[in-house]
Amino acid sequence: MQRDWDVLKHIARICNNKLAHVAKGETKKMKTMEELVKSELSVYDQYRAQIEFQRKCPRSFEQSMILQSTIHELRVLAIECWLQILTADEQFVVQKHLIEGLEWPRVAHAFEERWGQKFIRSERALVGYQTSAIKKVVEFCMKNELQIRELFDGGMWSRVCEHE
């Protein structure tokens, strides 16, 4: 996992204008780290699908296509790193609610099916798991803010993917 983050850090160093839009005083509102995390978790499966599609059905071997695929792979890697720092309960709730988009009653039902009656949790408890998970991921991202913002929030790598 450390090697993967070293790759992300190296990519961020390559880009000389890290967060340049902020330094130049541009008015584009940056997402809070929590908004960014929730937003990216909601498109995690789309990134994975895009990677799989590009591997199996490459339209061309243009440099931009290869770069887009690499960026999607890095985004998936980052999100998988986020999920690794969570407890099993937190992972389950994030997967079901934020990634799969299930409503809370369905998340509660899926939780009960997975762990049984003995470990049933209320929707409120599940929301607490998600809140705790997002807090952990945001703390992790804040320690690596430059790389995270470069990869997901308007950095050079994000601009490459806008042309998909």
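Yes or no: Leu102 under 14 Å from the mean Cα position of the chain (by Cα), closer than 20 Å to Thr131 by Cβ and either surrounded by fewer than 14 Cβ atoms within 10 Å (Cβ to Cβ) or not aromatic (Phe, Trp, Tyr) (or both)?
So Leu102 fails the test.
Within the span defined as region 134-148, one or more residues are more than 30 Å from Leu67 (Cα to Cα), out of contact with any Pro (no Cβ under 6 Å at 6 or more places or on another chain) and either outside any helix (DSSP H, G or I) or free of Cβ contacts under 8 Å to residues at least 12 places away in the same chain (or both).
Read the figures in this text as sums done on the coordinates, not as results from a lab. If you're wondering where the values come from, they're calculated on a predicted model, not measured in any experiment. A quick note on method: Cβ atoms are made from the backbone with ideal geometry, for glycine too, and the neighbour counts reach across all protein chains shown.
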